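Step one of this worksheet: look at the structure below.
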Amino acid sequence: MIRFFIKRIVYLMPVVFGIITVTFLLMHATPGDPALTYLGNHPTPEAVAALHHAWGLDKPLINQYFDFIGGLFTGDLGSSLFYSETILKLIALKLPPTLILMVMGSLFGIIFALPLAIWTAVKKDKFVDHVVSIFNAVILGMPIFFIGAMGILFFALKIAIFPVGGYGETNLQHIWSLVLPSITIGLGLVPLLVRSLRTSVIESLDSEYVAFARSKGLKNQAVWLKYALRNGSISGISILGIQVGYLAGGSLVIENVFAIPGMGSFLMSGILNRDFPVVQGATLTFAMLVVLVYLFTDVAYALLDPRARFK
């Protein structure tokens, strides 16, 4: 298992390196000058040149790239061009809301999807199964920002259960302010999770090992938990890992809809301000989050299915 874990880390590192390189090149290829954005209208050429020199933007592109890569190995991601703070300090402030949002969103997605998948597997081709299929199709066709806007309209403005936006000030307010955004993200995970888990559980229930377990006189609860659900959840974990990876991109939209000061809004402000260090640092953070999610998904898959460790 340790060997499998190390192999997965080695395989995923080129992905991170490729994301860093592509992000660096795209940011410098995008039209616009951060110095002009910072200085405002009608700056003097001398002021622009001074900022370029102070920010290192007057160096050749290859030198800027190697400076950035060298900073990664020393733990120096540079400083923001607009916030006058180091990137590591800004990430430390912006990362917790995003992490909590992703974890809570995943939990809500599992809480919603698991009973629906089991229910539709038991009631295959029955009325309940068709109703859940229609619900999944409707949710799958809705943009995530629309679901968030509807949630704000009904649960924050009309019923006033949750705050309209923001992050609060105390720990309890932090968690409560993220409930509605997390439910929004969780609903976006439900359709694919339900579809995958339902199919896998149905296949497991029709398998020979489940029939053999029942022939031994095991109770339905033991058959469901130990045989059908465990084997059926393998494909569900793979789908969940892929979808949680997409949460990193979805958090950018959700954080702007709900005015959450996380990594998504941080990255968006960096893009709008042409703040190269912010965009590169935020992208690196998102890339590491996605890589860690995929790594944990592979490990969970290998724990549930020992055959994966020997392939």
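The values are calculated or read from the model by the stated rules, or taken from the named source; none is laboratory data. Computed from a prediction, not measured in an experiment: that's the story for all the values here. Glycine gets a Cβ as well: all are built from the backbone with ideal geometry, and neighbour counts include every protein chain shown.
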Q) Looking at this structure, is ALA160 assigned to a helix (DSSP H, G or I) and not β-branched (Val, Ile, Thr)? A) no
Q.
Please go through region 161-197 and give me each residue that is hydrophobic (A, V, I, L, M, F, W, C) and within 18 Å of ILE260 (Cα to Cα), ordered by number.
A. ILE161, PHE162, VAL164, LEU172, ILE175, TRP176, LEU178, VAL179, LEU180, ILE183, ILE185
Q) Which residue, of ALA35, ALA54, is at pLDDT 75 or above, over 30 Å from THR297 (Cα atoms) and surrounded by fewer than 12 Cβ atoms within 10 Å (Cβ to Cβ)? A) ALA54
Q | Counted residues, region 127-182 - those being among the hydroxyl-bearing types (Ser, Thr, Tyr), farther than 19 Å from ALA113 by Cα and touching a residue at least 60 places away in the same chain (Cβ under 8 Å) | A | 2
Q: Kindly establish whether THR30 is surrounded by 13 or more Cβ atoms within 10 Å (Cβ to Cβ) and either over 23 Å from the mean Cα position of the chain (by Cα) or more than 25 Å from THR285 (Cβ to Cβ) (or both).
A: no
Q: Only residues that are surrounded by fewer than 16 Cβ atoms within 10 Å (Cβ to Cβ) and over 21 Å from VAL103 (Cβ atoms): list them for region 154-168, please.
A: PHE154, LEU157, LYS158, ILE159, ALA160, ILE161, VAL164
Q. When you scan region 254-311 for helices (runs of 4 or more DSSP H) that lie fully inside it, which ones turn up with 3 or more residues that are at pLDDT below 80 and out of contact with any Ser or Thr (no Cβ under 6 Å at 6 or more places or on another chain)?
A. 276-304, 307-310
**Q.** Odd one out for PHE146 among (1) surrounded by fewer than 21 Cβ atoms within 10 Å (Cβ to Cβ); (2) in a helix (DSSP H, G or I); (3) touching a Phe, Trp or Tyr at 6+ places or on another chain (Cβ under 8 Å); (4) modelled with pLDDT of 85 or more
**A.** (3)
(Q) Looking only at helices (runs of 4 or more DSSP H) that lie completely in region 1-115, which have at least 2 residues being closer than 27 Å to PRO261 by Cα? (A) 2-29, 34-39, 61-74
